[in-house]
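Heads up: the structure comes next, in structure tokens.
The values are calculated or read from the model by the stated rules, or taken from the named source; none is laboratory data. As the structure is a computational prediction, the values presented were derived from the model and not from experiment. Neighbour counts run over all protein chains shown; Cβ positions are idealised from the backbone, glycine included.
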Amino acid sequence: MKSETMRVIQGWIPEDRIKSVSRALEFLREEFDGKLLYEFRDPSPDEEVPTVLKNPKIFKIFETLVRQYGWPGRLESDPTIISGILWTIMFGMMFPDLGHGIVIAILGILFSRFLKKNILGLNLRKLGKLMIGLGIASAIFGVLMGEFFLMEIPPLLPTLRAGWLEDASGVVWLIKMAVFFGIAQMLLALSISVRNYIRSGKLVEAILGEKGVAGILLLLGLALTAFNFLGITVIPGILEFPELRMKVLTSWPFFVLVAGLIMLLVKPFFTREENVIGIGLVLETFISLLANMFSYMRIAGFAIVHAALAMVVFRLMQANPLMGIGIGLIFLNLFALTIEFLVCMIQALRLLYYEFMTKFYQGTGTPYTPWKL
């Protein structure tokens, strides 16, 4: 706003910059012989405030993932650190290979240091920084699961043995671990959602919402009831569920499931929604949580595919060493380092966005873009 005798400038500054801005304004006041007035005030609850992401330098690159989804709002938790860690771990679980991981990490270092141009809109420098973490995760899980350039090495995981792909128990264990990891990740997302609701004053949603405490109870009850029905061991000697079959209907996990359902059903009485809408929401939430749990099985699926490629190389080397080197070691390794690498990276990102971040993150905020003199 301006007139012939006055100019008014209004804007936002981060709270930790108030002192430095005050010093600059005081200097300008002296320059203008006191003809400068200014004030700082806190935003009102309904104001749309831009947000600044403040993350340690090592996690700064993962802000790229958050930016692709949407900028965090004023009362939302910044998901950068946890999202970066989970995405990297999921990629490593899908693409477990010590040799490939080392190659990816080295390429990442080269990209981040020497490639500063964009190709087809892709910032290779940022991609390189992301690849470093992905390569390290791939190498770690390669050691744990026993793979090196599609060749078997002794796995460090005590539950797996050499040639574990041919052992049904090893495959089942891997699928179980993927589902356990997915459930833990979903519980974390719902817990963050509860925190966000409380911060924004939405206590009914925090307690009775499908992304609140009710959703947590429903997910826990659904998962643990299934474990009790089938008889699954999560942590040997610590968290073991006996096989109950239909007796599961009298077990405590089933009552947790029922409690979650009841909380969702009574929510319309507090929010003044139609009961039909409430019932539809319960069904949608139940099906969605079930589908999300099964979706995490793809982590095990891609790890099994990678192990299957290693088995192909081994069989080719046995049958015909020349063919094994040409088709197996060279062609299949190139395939893994290109197509499989991209597919696993995208699938890990899909799990992060759709199974994890949708449970607590809106991404409708505005980035803080300061005006500089």
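In the list A139, A178, which residue meets the criterion of being closer than 17 Å to A307 by Cα, touching a Leu at 6+ places or on another chain (Cβ under 7 Å) and at pLDDT 90 or above?
Answer to the check: A139.
Given L316, L332, L322, which one is over 30 Å from S20 (Cα atoms), outside any loop (DSSP other than H, G, I, E, B) and modelled with pLDDT of 80 or more?
Within the list L316, L332, L322, the selection yields L332.
Scan region 163-196 residue by residue and report those that are without any contact (Cβ under 8 Å) to a residue 40 or more places away in the chain, closer than 16 Å to L219 by Cβ and surrounded by 17 or more Cβ atoms within 10 Å (Cβ to Cβ).
The one that is without any contact (Cβ under 8 Å) to a residue 40 or more places away in the chain, closer than 16 Å to L219 by Cβ and surrounded by 17 or more Cβ atoms within 10 Å (Cβ to Cβ): V194.
Being under 24 Å from the mean Cα position of the chain (by Cα), in a helix (DSSP H, G or I) and of a type outside the set (A, V, I, L, M) is the requirement here; does G170 meet it?
So G170 fails the test.
Which is among the acidic types (D, E) and at positive phi, of D42, D16, D33?
Going through D42, D16, D33 in turn, the sole match is D33.
Can you pull out every residue in region 325-360 that is of a type in the set (G, A, S) and either crowded, with 19+ Cβ neighbours inside 10 Å or touching a residue at least 40 places away in the same chain (Cβ under 8 Å) (or both)?
G328, A336, A348
Can you tell me which residue within region 227-246, out of those that are part of a loop (DSSP other than H, G, I, E, B) and of a type in the set (A, V, I, L, M, F, W, C), is surrounded by the fewest Cβ atoms within 10 Å (Cβ to Cβ)? Spell out how you get there, then give the answer.
First, pick out the residues of region 227-246 that are part of a loop (DSSP other than H, G, I, E, B): 231-232, 236-238, 241-244.
Right, trim to of a type in the set (A, V, I, L, M, F, W, C) and you get 232, 238, 241, 244.
Details: I232: 18, I238: 7, F241: 19, L244: 18.
Among residues in region 227-246 that are part of a loop (DSSP other than H, G, I, E, B) and of a type in the set (A, V, I, L, M, F, W, C), the one surrounded by the fewest Cβ atoms within 10 Å (Cβ to Cβ) is I238.
Would you point out which residue out of F148, F114, F141 is farther than 28 Å from Q68 by Cα and not aliphatic (A, V, I, L, M)?
So the residue among F148, F114, F141 that is farther than 28 Å from Q68 by Cα and not aliphatic (A, V, I, L, M) is F148.
Of the numbered conditions (1) touching a residue at least 12 places away in the same chain (Cβ under 8 Å); (2) surrounded by fewer than 19 Cβ atoms within 10 Å (Cβ to Cβ); (3) under 17 Å from the mean Cα position of the chain (by Cα); (4) in a helix (DSSP H, G or I), N55 satisfies every one except a single condition; which is it?
(4)
Of these, L261, L249, L224, which one is farther than 19 Å from F360 by Cα, touching a Pro at 6+ places or on another chain (Cβ under 9 Å) and assigned to a helix (DSSP H, G or I)?
On the way: L261 fails: touching a Pro at 6+ places or on another chain (Cβ under 9 Å); L249 fails: touching a Pro at 6+ places or on another chain (Cβ under 9 Å).
Just a single option satisfies the conditions, and that option is L224.
Inside region 233-289, can you point out the residues that are among the hydroxyl-bearing types (S, T, Y) and either at pLDDT below 85 or in contact with a Leu (Cβ under 9 Å, 6 or more places away or on another chain) (or both)?
Correct list: T233, T250, S251, T271, T285.
Would you be able to say whether some residue in region 76-88 is farther than 20 Å from L130 by Cβ, of a type outside the set (D, E, K, R), more than 14 Å from the chain's Cα centre (by Cα) and surrounded by fewer than 20 Cβ atoms within 10 Å (Cβ to Cβ)?
no
With (1) of a type outside the set (A, V, I, L, M); (2) without any contact (Cβ under 8 Å) to a residue 12 or more places away in the chain; (3) surrounded by 10 or more Cβ atoms within 10 Å (Cβ to Cβ); (4) farther than 30 Å from I140 by Cα as the list, and Q68 as the residue in question, which single condition is left unmet?
(4)
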